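Presented below is the structure to which this report refers.
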Amino acid sequence: MMKKCLCLLLCLTMLCLSAGAALAETVALKVWGSQEDQELLAELCEAFAAEHPETTYEFTFGVVGEADAKARYLEDPAAAADVFSYPDDQIIDLVNADALYEVTRNHDEIVAANSVGSVNAASVGGVLYGYPMTADNGYFLYYDTSVISDEDAKSFDTLLAAAEKAGKKVQIDISNGWYLAGFFLGNGCTLTLDENGNQICDFNSEKGLKAAEAVRAICNHPAYTSGDDTVLQGGMGDAICAGISGTWVAAALKERLGDNYAAAKLPTFTVDGEQVQMGSFLGCKILGVNTQTQHPVEAMELAEYLTSEEAQIRRYEVRGYGPSNLKAAASEAVSADVALSALAAQSEFGVSQHVLGAFWTPAEAFGAELEAHSEADLQTLLDQFVSQVTAQ
């Protein structure tokens, strides 16, 4: 009888040990991020592990920034990170390489929690392939309130008129296709990729011609000046009273303008006597899960946590990134950020940047023609522009 009891006790002990081992399962996950994000990534991953005590997590962090994510993944997909961040303009190539798990866990909640633009940026063909993490790579209007009123900033007509009256300039880098495209997109033109990855561009359509006429009129205005961010930062508060750029110049412009520092969505422009809202590209950072991960469920849970409301607020506090999460964007700290508030207002009119490299050089050439006050036939210029962009 004693032996039977000892055997039973031994069996129960073994079962308990097995159950304990199961509860203490170790999951190893590799996470990629930029050098500047390493400390924050470690902090957030530790917090995630603390919320999942049923699993022992071992995290390995690799220094791979968003810009390099696609190239590093394609070098060796099996050795790539389980969870990695990438910019939205890499998503089509990553999907075509079968690199990204489709987001199926808590799909509807993730879509509802994030801005429409960021969800679209993380989707291909209506399928969500990533977790929106930021929505802060776009452009909007900065202005000097000692010269430009909030009302003046609403349209290019009033903006340029106010600048001219004050003997100041409005800066727009028209020869940069990133900014130039905003006029065409705003007037209903298309710049995207088809299902085969070929560039679609109809900037030489009737709507495109109307947009180009509006851009020419702006370039020919005496208050207009061209130039890149260095021109804007160097001249704001002096010769320049307004300009178009992104969050990366916010600190410099705030320092120059002080209490006169302001920002807003992009102005409207005139087409056939009607006001048309200028469009823009909206760039987002996205978190993806590698299809070759050995732990897909845990990797998806981690990706969702790293892009949650709380994580995005923390990312703003540490790195200054603008949230894609709607509640995070509406938080007191983010709402008080002048530049991010302007970007959020413009995001309603932004589109994902699905653009091939063949677009940028022809766009620069077309924009340079207008900046130089060329009198060449616009339709001819647009036809040449689009033929170069769409050439296979």
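The values are calculated or read from the model by the stated rules, or taken from the named source; none is laboratory data. Computed from a prediction, not measured in an experiment: that's the story for all the values here. Heads up, the Cβs are rebuilt from the backbone with ideal geometry, glycines too, and the neighbour counts pull from every protein chain shown. Side chains included, ligands, DNA and RNA excluded: accessible areas come from the protein's heavy atoms. Shrake-Rupley method; radii C 1.70, N 1.55, O 1.52, S 1.80 Å.
For the listed residue pairs 70/285; 30/327; 285/327; 154/265, the alpha carbons are over 19 angstrom apart in 30/327.
For the chain, the relative contact order works out to 24 percent when only alpha carbon pairs closer than 8 Å and six or more residues apart are counted.
Among the aspartates and glutamates, select those whose C-alpha is under 15 Å from the C-alpha of residue 169, and discard any that sit fewer than 8 residues away in the same chain. Within the straight-line cut-off, residue 169 pairs with 144, 152, 157, 228, 229, 238, 371. Considering only alpha-carbon pairs that sit under 8 angstrom and 6 or more positions apart, the relative contact order computed for region 52-105 is 31 percent. Per residue, the chain exposes an accessible area of 45 Å² to a 1.4 Å probe, with every protein chain left in place.
Between residue 364 and residue 74, the simple label model (points 7 Å from Cα in the Cβ direction) yields a spacing of 2.2 nm.
Spin-label pair residue 42-residue 251: with each label point 7 Å from Cα along the Cα-Cβ axis, the two points sit 2.2 nm from one another. Close amide H contacts of residue 283 (hydrogens built in the peptide plane, cut-off under 5 Å, sequence separation of 5 or more or a different chain): 137, 138. Cut-off 13 Å, label point 7 angstrom out along Cα-to-Cβ of residue 55: give me the residues of region 265-294 whose amide nitrogen falls inside. Of the residues in region 265-294, 293-294 have backbone N under 13 Å from the label point off residue 55. Given 10 °C and 1.306 mPa s, how large is the Stokes-Einstein diffusion coefficient of region 310-378 in µm²/s, with Rh as the Kirkwood radius over Cα pairs? Answer, rounded: 106 µm²/s. The stretch between residue 260 and residue 35, if pulled fully straight at 0.36 nm per residue, gains 77.5 nm over its current Cα-Cα span. Using only Cα atoms, find the angle between the long axis of helix 309-319 and the longest principal axis of the chain, and express it within 0 to 90 degrees, rounded to the nearest 10. With both axes taken from Cα atoms, the answer is about 60 degrees. Database remark: amide H of residue 61 closer than 5 angstrom to the amide H of 31 (H placed geometrically; neighbours at sequence offset of 5 or more, or on other chains; Pro and chain starts carry no H).
To put it simply, the accessible area of the chain at a 1.4 Å probe is 52 percent carbon and sulfur. Placing +1 on the Cβ of every Lys and Arg and -1 on the Cβ of every Asp and Glu, with no other charges, gives region 183-257 a dipole of roughly 280 debye about its Cα centre. What percentages make up the Cα-Cα pair-distance distribution of the chain when the bins are 20 Å wide from 0? The percentages, shortest bin first, are 26, 49, 19, 4, 2, 0.
For region 195-296, the relative contact order is 18 percent, taking Cα pairs closer than 8 Å that sit 6 or more residues apart in sequence and dividing their mean separation by the residue count. With helices as the sole contributors, the chain gives -13000 deg cm²/dmol at 222 nm; each DSSP H run of n ≥ 4 counts as -39500 (n - 2.57), and the sum is divided by every residue.
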